[in-house]
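The values are calculated or read from the model by the stated rules, or taken from the named source; none is laboratory data. Predicted model, so just to flag it, every value in this text is computed and none were measured. In this analysis, Cβ positions are derived from the backbone assuming ideal geometry, glycine residues included, and neighbour counts consider all displayed protein chains.
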Amino acid sequence: MSRDDHKINEEALARRAKIKNPAKKGKAVIEPHFCKGCGLCIDACPTGVLLFREAPDNRWGVEVEIDGPDYCSGCGMCEMICPDFAIFAYKTEDPEKKAV
Ligand code: SF4
Ligand code: SF4
């Protein structure tokens, strides 16, 4: 991973560290074959769910992983910003409503 990739990861982790009570109300799904590792989704995620990881077999050498799934709110920012339709997000059922 490049120095910029590491910096993007560090900034995402810093955003995640500020969240005291993870939302756990959403899920993001990556389609790795469409992902070119640009990192826009990582930058766009307000809660630092997504990170770069090394991918030696990938032509870009990196790929995106859902590193902090509990922190996903399902806001859809990652999906909206991805230029290649390689990531999708949705709201999951609210666990509190399920208990009612
Ligand atoms: S924005 Fe899309 S193409 Fe870019 S790293 Fe994220 S999932 Fe991959
Ligand atoms: S849906 Fe929102 S919180 Fe979840 S990974 Fe995408 S940008 Fe991050």
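For residues that are touching a Pro at 6+ places or on another chain (Cβ under 7 Å) and more than 16 Å from residue 93 (Cβ to Cβ), scanning just region 59-74, find the one that is nearest to ligand 1 (Cβ to nearest atom). Steps first, answer last, please.
Residues of region 59-74 touching a Pro at 6+ places or on another chain (Cβ under 7 Å): 63, 70-71.
So of that shortlist, the ones also more than 16 Å from residue 93 (Cβ to Cβ) come out as 63, 71.
Working: 63: 8, 71: 16 Å.
So, considering only residues that are touching a Pro at 6+ places or on another chain (Cβ under 7 Å) and more than 16 Å from residue 93 (Cβ to Cβ), the one nearest to ligand 1 (Cβ to nearest atom) is 63.
Quick one: what pairs do we get from region 14-41, first residue assigned to a helix (DSSP H, G or I), second away from ligand 1 (no atom under 16 Å from the Cβ), C-beta under 8 Å, 6+ apart or different chains?
Once the first residue is assigned to a helix (DSSP H, G or I) and sits in region 14-41, its partners that are away from ligand 1 (no atom under 16 Å from the Cβ) give 16/71.
Kindly indicate which of 35, 72, 78 is within 13 Å of the chain's Cα centre (by Cα), crowded, with 19+ Cβ neighbours inside 10 Å and modelled with pLDDT under 95.
Details: 72 fails: modelled with pLDDT under 95; 78 fails: modelled with pLDDT under 95.
Testing whether each residue is within 13 Å of the chain's Cα centre (by Cα), crowded, with 19+ Cβ neighbours inside 10 Å and modelled with pLDDT under 95 leaves just 35.
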